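The values are calculated or read from the model by the stated rules, or taken from the named source; none is laboratory data. All values reported here derive from a predicted model rather than from experimental measurement. Note that we place each Cβ from the backbone using ideal geometry, even for glycine, and neighbour counts take in every protein chain shown.
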Amino acid sequence: MTIRQQCVAIKRLFFPRWDRRALWRVSTRSRRRVHGHCDPKRRVIEIVVQHGDPDERDKLFIHEICHGVANMGHGKKWQNRMEKAAMRADALGRNRLAHFLREDISAYQQSPMSLEGVYNQVRDALTDCPEATFAQIKRWLANEYGLLVSEVCKKFRRAEKVFQEAQRDALEERALKQAWFCRQERSTQE
């Protein structure tokens, strides 16, 4: 079965009222470093990782289609649609798939991404490597959160400001440490 046939089967079983006019398509390519992605503007479901396990494969399809059906986040609408798909999997006797879908929901409920958490990651990265450029930080955030580099500043609006403040603080900290080591070295030589 091809990836397109698999997508049609999932749509028929789990989302019979969605995309009745077949406006959406499936692609195996993505510029993102993710297993899958839903692009509502282009109406494309990107499935990058081809799982051999049918339940893992179908979970990925369902996860991405739920973004197209509900919304682009992993909030309540998406979680409710995923739960509806899990109930359908139960009804079809696909208990393992239902379990995987519920695990996915639970993972997003237990570890919601906060903007402040992302900005703290930027601060920590610059503490470790104050020479990092903003382009490097954007590329890292894009890979970390399944975004395109061009989307990073849209998603994390304060990223550049946080970067500049954190870099300044990290460089000041480094200068203070170097000054302290120089004083220590001079005092041991005297």
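The table below lists the values:
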read-out	value
Residue that is modelled with the lowest pLDDT, among those in region 158-190 that are over 32 Å from the mean Cα position of the chain (by Cα) and small (Gly, Ala, Ser)	SER187
Region 120-146 residues that are of a type in the set (Ser, Thr, Tyr), paired with ones that are not in a helix (DSSP H, G or I) (beta carbon under 6 Å, 6 or more apart)	none
Some residue of region 174-181 being surrounded by 13 or more Cβ atoms within 10 Å (Cβ to Cβ) and hydrophobic (A, V, I, L, M, F, W, C)	no
Residues being part of a loop (DSSP other than H, G, I, E, B) and closer than 16 Å to GLU116 by Cβ - total across region 153-190	3
Per-region count, region 140-154, residues exposed (fewer than 15 other Cβ atoms within 10 Å of the Cβ) and among the charged types (D, E, K, R)	2
Of the criteria (1) loosely packed, with under 15 Cβ neighbours inside 10 Å; (2) outside the structural domain of VAL34 (by TED's automatic domain parsing); (3) in a helix (DSSP H, G or I), which one SER106 fails	(2)
Any hit, region 124-137, residues being outside any helix (DSSP H, G or I), in contact with a Ser or Thr (Cβ under 6 Å, 6 or more places away or on another chain) and either modelled with pLDDT of 85 or more or surrounded by 15 or more Cβ atoms within 10 Å (Cβ to Cβ) (or both)	no
Residues being touching a Leu at 6+ places or on another chain (Cβ under 9 Å) and either farther than 20 Å from ARG32 by Cα or of a type in the set (A, V, I, L, M) (or both) - total across region 59-86	5
Test: residue in region 154-167 that is closer than 18 Å to VAL34 by Cα and not assigned by TED's automatic domain parsing to the domain that holds ARG29	yes
Selected residue (criterion: nearest to LEU148 (Cα to Cα)) from residues of region 115-137 that are of a type outside the set (Val, Ile, Thr) and in contact with a helix residue (DSSP H, G or I) (Cβ under 7 Å, 6 or more places away or on another chain)	PHE134
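Yes/no matrix, rows are residues, columns are (1) closer than 19 Å to MET1 by Cα; (2) in contact (Cβ under 8 Å) with a residue 60 or more places away in the chain:
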{"residue": "ARG21", "(1), (2)": "no, no"}
{"residue": "HIS35", "(1), (2)": "no, no"}
{"residue": "ASP53", "(1), (2)": "yes, no"}
{"residue": "CYS66", "(1), (2)": "no, no"}
{"residue": "VAL69", "(1), (2)": "no, no"}
{"residue": "LEU92", "(1), (2)": "no, yes"}
{"residue": "HIS99", "(1), (2)": "no, no"}
